[in-house]
Amino acid sequence: MLEHAKARLRDFQLKLQNAGIDIALLTDESTIAYYAGFWGYLSVEFGRPTFLVVPADGDPTVVTPRMESEMVSAMTWVPNIHTWEDSGPNHWGNVLMQNLGTQRCRLGVEKAVLPSLVRMWLDDSTDSVELIDASPLIAEMRTLKSSFEIGVMKQAGLIAAAMMSAAEDSLAEGVPEYESALAIINAGTRAAAGFLTNAGWERFVSPIIHNLQIMQSGIDTSMPHRRASIKTLEAGDPIYFCFCNMAQFKQYKLGFDRMFNIHYVSDQAADVQQTAIDAQQAALSVVAPGVTAETVAQAANEVYQKKGYAPSYRTGRSIGMAYLETPELKSGDHTILQEGMTFAVDGGISIEGQFGGRIGDSIVVTAEGFEYLTEYPREVVVVNR
């Protein structure tokens, strides 16, 4: 992992030079992981930001809280680790200033995700920098995944499949939703542990799967983002699982969604679920290098419209070390798909106050079309327990 991160950072420095950017100040956790190979426990929301300072030429520096420095040093290839403390002369602002210097420079940042705490400090503490949005340079690199990255995402897909199998096995009439959540967490953790060793960098990668982000049953399946509750499952209930905040491994994140039904499914609910599947499959049928992101979305939207359902959200999103990367599969995005891009591709319909139909998979664009990163049956499923 670390040798790949180091190579990516050296490529990033060449892009900085070509763009006329003197230094990049990186604050986003996923971006720091992408270039430095580590991620923190406490971050800016605790008032404890970590920075990766990348000069256009020379070695980068991590600026991190002193309490995190031992773990950061063990996880990263970056040679320079500068620490700061919560108060006194070694406050993070002072340490960061020492690394940025006082000479006028063009400073690259990710403007859309630059924490307000850091932006206010830059505005108040220095007038010697010109802020340049380095996001396009970073996005260009992160959009295309290497064979190594795709391999990690395939492992995440196997972990996700184990979780979905446990989800299906947990379902039965009278069982509370939270029991499914516990089964999923347990299965995912055991599957992830099977891909790890207790040596080197990997010993800092936790296998623990936590926080079943999204699960609904019954009429609440019309609410795409309700969490698992104490509600018990009833005959005729549709059940929806979304693992978008759980299906991840070594910081690489997938999208993965499935639905099930207890004992039976009504004709209308089955139609909604099947239409969502058909829309997703229509979108996937046109995925190939040279196709625009918008074209993929249009293929799904045509299925919805033919069945009388109104498209309500994007068909998919680029995925990687962040839940949302670029491009997105939606109307108006004219990005041309390339081999090595990875996406979460969804089908989804909500009938307010009644039920919903959803499915989601992760894929990688290949020379011939695409390959699934997630595998589980794509059909209307009835569980007879």
Original post:
Applying the selection to segment 139-165, what residues are in contact with a helix residue (DSSP H, G or I) (Cβ under 6 Å, 6 or more places away or on another chain), touching a residue at least 60 places away in the same chain (Cβ under 8 Å) and aliphatic (A, V, I, L, M)?
Top reply: I159, M163
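Could you please find all residues in segment 245-272 being under 19 Å from E179 (Cα atoms) and either assigned to a helix (DSSP H, G or I) or not acidic (D, E) (or both)? Walk me through it before giving the result.
Going through segment 245-272, the residues under 19 Å from E179 (Cα atoms) turn out to be 245-247, 257-263.
Matches in segment 245-272: N245, M246, A247, R258, M259, F260, N261, I262, H263.
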Original post:
Taking segment 358-385 on its own, how many of its residues are crowded, with 20+ Cβ neighbours inside 10 Å, of a type outside the set (A, V, I, L, M) and closer than 21 Å to S146 by Cα?
Top reply: 4
Original post:
Residues in segment 24-52 that are touching a helix residue (DSSP H, G or I) at 6+ places or on another chain (Cβ under 9 Å), buried (at least 21 other Cβ atoms within 10 Å of the Cβ), β-branched (V, I, T) and outside any loop (DSSP other than H, G, I, E, B): how many?
Top reply: 1
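Rundown of residues vs (1) in contact with a Lys or Arg (Cβ under 9 Å, 6 or more places away or on another chain); (2) under 12 Å from G360 (Cβ atoms), yes/no style:
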position: I208; (1), (2): no, no
position: M215; (1), (2): yes, no
position: D220; (1), (2): yes, no
position: M223; (1), (2): no, no
position: F243; (1), (2): yes, yes
position: N261; (1), (2): no, no
Original post:
Just checking, which of D346, D333 is assigned to a loop (DSSP other than H, G, I, E, B) and either buried (at least 17 other Cβ atoms within 10 Å of the Cβ) or among the charged types (D, E, K, R) (or both)?
Top reply: D333
Original post:
Pick from Y240, Y252: which is touching a strand residue (DSSP E or B) at 6+ places or on another chain (Cβ under 7 Å) and not basic (K, R)?
Top reply: Y240
Subject >> Matching residues in segment 145-177 - criterion: being assigned to a helix (DSSP H, G or I) and of a type in the set (V, I, T) >> reply: I150, V152, I159
**OP:** Could you tell me whether V72 is buried (at least 18 other Cβ atoms within 10 Å of the Cβ) and part of a strand (DSSP E or B)?
**Re:** no
Original post:
Can you name every residue in segment 296-322 that is within 18 Å of the chain's Cα centre (by Cα) and not aliphatic (A, V, I, L, M)?
Top reply: Y313, R314, T315, G316, R317, S318, G320
Original post:
How many residues are under 24 Å from Y323 (Cα atoms) and not in a helix (DSSP H, G or I) when one looks only at segment 95-131?
Top reply: 5
**OP:** Give the residues of segment 274-293 that are without any contact (Cβ under 8 Å) to a residue 60 or more places away in the chain and crowded, with 19+ Cβ neighbours inside 10 Å, sorted by residue number.
**Re:** A282, A293
Original post:
Quick check, is A187 among the aliphatic types (A, V, I, L, M), surrounded by 17 or more Cβ atoms within 10 Å (Cβ to Cβ), under 26 Å from E371 (Cβ atoms) and touching a helix residue (DSSP H, G or I) at 6+ places or on another chain (Cβ under 6 Å)?
Top reply: yes
Subject >> Index of the failed condition, A112 passing every other in (1) closer than 14 Å to L25 by Cα; (2) surrounded by 13 or more Cβ atoms within 10 Å (Cβ to Cβ); (3) without any contact (Cβ under 8 Å) to a residue 24 or more places away in the chain >> reply: (2)
**OP:** Kindly provide the set of residues from segment 54-64 that are assigned to a strand (DSSP E or B) and surrounded by fewer than 20 Cβ atoms within 10 Å (Cβ to Cβ), ordered by number.
**Re:** P55
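Coordinate-derived values only; no laboratory data. Please read all numbers here as calculations on a predicted model, not as lab measurements. When we count neighbours, we look across all protein chains shown, and the Cβ atoms used for this are built from the backbone with ideal geometry, even at glycine.
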